[in-house]
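Student: Sharing a structure here in structure tokens format.
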Amino acid sequence: MTDKKLRILVIDDEQLIRETICENLIACGFDVTSAVEGDDAARQMAQGPLPDIVVTDIIMPRREGLQTITAIRKNYPTVKIIAISGGGRTKTSDFLATALDLGANAVLEKPLDMDELERLITSIARKK
């Protein structure tokens, strides 16, 4: 891996969660951008530059996380994906298992452990 800063795109419709994740990842030295939901992320990715890793929530309005993962996998197969979820009406593990089936490289349950997220990002970035 080179010494370039990893570009991370954080997608979460909850502003406080999105901002907290972004602030923590910036403090870790990553180049971080954010999107409110999947359609917003799709526009950003189409305009470039592509992120190295996308961290996406699953439960969101409009284009939710599972649709977003499917679209990223189809259009940008080299972009790594970490799916995050705090659940909803069904179990978090169901959503996260589906995210892995759709092509996410890793999953994490909310509330997030920021140290664990940083380790996961670093680990995924090293894998080809």
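Values in this text are rule-based calculations from the coordinates and carry no lab data. Since we're looking at a predicted model, the values are computed, not measured. Please note: Cβ atoms are built from the backbone with ideal geometry, for glycine as well, and neighbour counts cover all protein chains shown.
Student: Non-local amide H neighbours of Val10 (under 5 Å, H modeled in plane, Pro and chain starts lacking H): which ones?
Tutor: For Val10, whose amide H was placed from the backbone, the distant partners under 5 Å are Thr33, Ser34, Ala35, Val55.
Student: If you don't mind, another one. Once amide H atoms are built 1.01 Å from N in the peptide plane, which residues 5 or more positions from Val107, or in another chain, come under 5 Å H to H?
Tutor: Ala83
Student: Say the dipole of the chain comes from +1 at the beta carbon of Lys and Arg and -1 at that of Asp and Glu; which of Ile17, Val32, Thr68 then lies farthest toward its positive end?
Tutor: Thr68
Student: Consider a paramagnetic label point 7 Å from the Cα of Asp39 along Cα→Cβ; state which residues of the range 46-67 have an amide N under 16 Å from it.
Tutor: Those under the cut-off are 46, 60-67.
Student: Further, regarding this structure: About the Cα centre of the range 7-126, how large is the charge dipole given +1 on each Lys and Arg Cβ and -1 on each Asp and Glu Cβ? Please answer in debye to the nearest 20.
Tutor: 460 debye
Student: If you don't mind, another one. Structure shown: which of Lys5/Lys127; Lys80/Lys127; Lys5/Lys110; Lys4/Lys110; Lys4/Lys74 lie over 18 Å apart, alpha-carbon to alpha-carbon?
Tutor: In this structure, Lys5/Lys110; Lys4/Lys110; Lys4/Lys74 lie more than 18 Å apart at Cα.
Student: Would you list the membrane-span-like helices of the chain, meaning whole DSSP H runs whose alpha-carbon atoms span at least 27 Å along their axis and whose mean Kyte-Doolittle value is at least 1.0?
Tutor: Helices meeting the criterion: none.
Student: Pick from Gln47, Gln15, Gln67: which residue has the top mean-square fluctuation in a GNM of the chain where Cα pairs under 10 Å get a spring?
Tutor: Highest fluctuation among the options: Gln47.
Student: Sort all Cα-Cα distances of the chain into consecutive 5 angstrom bins from zero, then give the percent of pairs in each bin up to the one containing the longest distance.
Tutor: Percent of pairs per bin, in order: 2, 11, 24, 27, 22, 11, 2, 0, 0.
Student: For the residue pair Asp94 and Ala27, what label-to-label distance in nm results when each label sits 7 Å from Cα along the Cα-to-beta-carbon direction?
Tutor: Going by the 7 Å Cα→Cβ label model, 3.5 nm.
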